[in-house]
Each structure stands twice: as C-alpha cells, then as structure tokens.
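Step one of this worksheet: look at the structure below.
The values are calculated or read from the model by the stated rules, or taken from the named source; none is laboratory data. The shown structure was predicted, so the numbers you read here are calculated from the model rather than taken from an experiment. Cβ placement follows ideal geometry from the backbone for every residue including glycine, while neighbour counts extend to all protein chains displayed. What goes into the accessible areas is simple: the full protein's heavy atoms, side chains included, and nothing from ligands, DNA or RNA. Shrake-Rupley method; radii C 1.70, N 1.55, O 1.52, S 1.80 Å.
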Amino acid sequence: MVVISLGGSIVAGESTDVEYIKRFRKFMDDVPDKLFVVVGGGNTARRYIETAKSLGYNEYLLDRIGIESTRLNAMLLITSKTAPKIPKTVDESIMLSKIYKNVVMGGTEPGHTTDGVALLLAERAGEKYVVNMTSVGGIYDKDPKTHSDAKIIREMSYERAKSIITGKRMDAGLNVPIDLLALKIAERSNIKIYVIGKDLENLMRVIKGEDFKGTVIG
Ligand code: UTP
C-alpha cells in the first residue's frame, strides 16, 4: 500500500486544473499498488476558514470547517476503484482498504493537518514511507518562488526538519511543508517522507524506489 498526502492546492488551488485531476484519477486506477490518498483543503479550506474567522468562530470550529473542506476535495478523487465514501477516521480507512483498491480521505480531528493523518495512516498500516505531494515540490535552500538559483535539499533528518518548523534553527528561507505532528509520528515509527511536486512520473519513480526529484525526510 502507498500512502499519499496530496496538498490541497493541487486539487483546489487559485483555479482548478481539471486535466490534472483527470490524470491523477487515471493514475490511481492504473497503478498496481493499493493507494491511500489523503487530500488537503487548499483554497476551499482557506476561503471558508477566512469567512468563519470574520464571523468570530473559535479555532476548534475553524479546524472543523477545514476538515469538511478536505473531505469535499477528496470527493473529487472517487473513481470506480475507490471506496465510495470518505472515511472519517484512520481505522475506517483501513477497513475500507480491505474491500476497495483505493481509499481517499481528508482530515479527521482538529489540531493537525492532513499530513498528520497521512502519517498516522502509514503507521497504522505498517508502511515505511509517505509521499507528500506539494505545489513547491521539495525542500529548497531558498524560496524557489523568489530565487531562481534555489537548490533542492535531497535529504534531511527528522531533527533538522523539526527544528526548522519550531523556529529553533534559523535556516534562512527554508520552509518545511509538513506539520509537527506528522514529523513526530514519522520519527517514532521511522517512516520516511518523500516531499515531491505534482508530476505523476516522478511519483511513479518514488513508488518504484527509483531516483526522483524532491526531498526525503528521515
Ligand atoms: P490541510 O491539511 O490542507 O492544512 O487542512 P494545511 O497544511 O494548513 O494546508 P495546505 O494544503 O498545506 O495549504 C486544512 C485545514 O483543515 C484543518 C486545519 O484547520 C487545516 O489547516 N484540519 C485538517 C484539521 O483540523 N484536522 C485534520 O485532520 C485535517
């Protein structure tokens, strides 16, 4: 089984890339491996959370709205080979995977992001890696959006990734697109996190254990 954390901005960004979603759905159906795809909230979450914030909603409720957005985005990836419902927990997802080739889901509980869900799912399923697909496509030594000479960091320890997130270490410009819970789960169960972009051939290379473009944490 392969666990993929798909950044919400890939499914629901500023504009919707329907052709990419079609290609991703086909990839899910065609790849021989069973897949768990955990989808993020992207712009859907951002817009709803902003509105709810203006209405004075508290953080718990904002997270609940975020979770519903991730589930809505996940529904765009239901194919004939995918469980027809979006599981609300990791255990439910595991149960559905015994019946269907693929399972797609969004968030579970307030207090973390879908990266955390993907890592818990991998831990529960006994998987040794998670693929994190983001719009940036890896961890760079500088912000690649503003620096054309930004170089990708091929490997990073859990320790370094955690210290960057918690701000203990000032690695200028470094951005680790993973939440802290996800990193802690990864570290305690020794699960590698492959941070890559949206390219599906590159995803296939990760699954086959071949050389890929991106960063591996752990
Ligand atoms: P995302 O997983 O997309 O969060 O969930 P993110 O990482 O902040 O967003 P991107 O995709 O990297 O831009 C969206 C929101 O849903 C809530 C959180 O509020 C999160 O920010 N959420 C999601 C939860 O509270 N629990 C979950 O399990 C998942």
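Structure notes:
- Protein accessible area in the chain, 1.4 Å probe - carbon and sulfur %: 53 percent
- With the helix formula -39500 (n - 2.57) applied to DSSP H stretches of n ≥ 4, the chain reaches a computed 222 nm mean residue ellipticity of -12500 deg cm²/dmol.
- Dipole moment magnitude, nearest 20 debye, the range 56-184 about Cα centre, only Lys, Arg, Asp, Glu C-beta charged: 320 debye
- Solvent-accessible surface of the chain, taken per residue with a 1.4 Å probe and all protein chains present: 50 Å².
- Dipole of the chain [Lys/Arg +1, Asp/Glu -1 at C-beta], most positive-end residue of SER97, VAL206, VAL216: SER97
- For the peptides 20-30, 95-105, 48-58, the ranking by mean Cβ contacts within 10 Å, running from highest to lowest, is 95-105, 20-30, 48-58.
- Given +1 at the Cβ of Lys and Arg, -1 at the Cβ of Asp and Glu and no other charges, the dipole of the range 1-136 around its Cα centre is 380 debye to the nearest 20.
- Fraction of alpha-carbon pairs over 32 Å apart in the chain - percent: 13 percent
- Relative contact order, percent, the range 77-218 [alpha-carbon distance under 8 Å, six or more residues apart]: 25 percent
- The residues neighbouring THR113, those whose beta-carbon lies less than 10 Å from its own, together hold a net charge of -3 under the Lys/Arg +1, Asp/Glu -1 convention.
- Ranking LEU120, ASN43, MET28 by Cα position along the charge dipole of the chain, where only Lys, Arg, Asp and Glu carry charges on their C-beta atoms, puts MET28 farthest toward the positive end.
- The chain - share of DSSP beta bridges that are antiparallel (%, nearest 5): 15 percent
- Packing around the peptides 35-44, 203-212, 143-152, 109-118, taken as the average count of other Cβ atoms within 10 Å per residue, puts them in this order, highest first: 35-44, 109-118, 203-212, 143-152.
- Overall, the range 64-133 carries a charge dipole of about 280 debye about its Cα centre when +1 sits on the Cβ of Lys and Arg and -1 on the Cβ of Asp and Glu, all other atoms neutral.
- Averaging the Cα positions of each part gives two centres, and for the range 110-127 and the range 133-166 these lie 21 Å apart.
- Calculated FRET value between SER80 and THR51, using beta carbons and R₀ = 45 Å, to 0.05: 0.85
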